[in-house]
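Where a number appears in this text, it was derived from the coordinates with a stated rule and is not lab data. Please read these numbers as outputs of a predicted model, since none were measured by experiment. Because the Cβ atoms are built from the backbone with ideal geometry, glycine has one as well, and the counts that use them run over all protein chains shown.
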Amino acid sequence: MSTSRAIPTLTHLDELESEAVHIFREVAAELDVWQYVAQEQLELPPIYFAHEREVFRRDGMLYAVSPYVERMEGEDPFTTSVRFRTVGDMTCTGGVESTASTIDAVVEEIAATRVTERGETRADDRFSEAAMEDRKRVGYF
């Protein structure tokens, strides 16, 4: 059975076998995590890689079309290649246009970007800098 736990550094990942690991951004940068994944040749679910998906644009972010996310007038769906830099609640987590379909391509893409994962894909953070902490306080995580 797979369990999940936060870990203090990437160097301790080799101690884990079949565990899901949550790495908080205060501990390691997104690029650090992906470089480790590449180095260790870890397998990841396909959602972390670019794929064709029906999305719509809101406030500069791409949201997946879903019955759980209500579109507003003018938010017309279209299909494009997207990747999710973080996987979370689809009502507040957006994707990015991407063709990065391999670990090495994701590493290259992240190394070239100048926008943080939270700044580019987290709708909550556009409303309040403390949005994530507010969710933690009410038991969301």
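3J(HN,Hα) along the range 55-61: 9, 9, 9, 9, 6, x, 10 Hz, from the Karplus curve 6.51 cos²θ - 1.76 cosθ + 1.60 with θ = phi - 60°, whole Hz, x for Gly and Pro. Using a simple spin-label model with pseudo-atoms 7 Å out from Cα toward Cβ, E70 and A111 lie 4.5 nm apart.
Evaluating 6.51 cos²θ - 1.76 cosθ + 1.60 at θ = phi - 60° for every residue in the range 46-54, the Karplus couplings come out as x, 4, 6, 10, 5, 7, 5, 8, 7 Hz, glycine and proline recorded as x. With a cut-off of 13 Å on the backbone N, the residues of the range 53-85 near the modelled label site 7 Å out from T91 along Cα-Cβ are 67-71. The order of M72, M90, going from fewest to most other C-beta atoms within 10 Å of their C-beta, is M72, M90. Backbone phi angles across the range 70-87, fed through the Karplus curve with coefficients 6.51, -1.76 and 1.60 (θ = phi - 60°), yield HN-Hα couplings of 7, 8, 9, 4, x, 8, 7, x, 8, 9, 8, 7, 10, 9, 9, 6, 9, 10 Hz in residue order; Gly and Pro are listed as x. The GluC sites (Glu not before Pro) of the range 22-112 that DSSP puts in a loop, and whose beta carbon has at most 10 other beta carbons within 10 Å, are E26, E43, E70, E73. Less than 5 angstrom separates the built amide H of S101 from those of A50, all sequence-distant by 5 or more or on a different chain.
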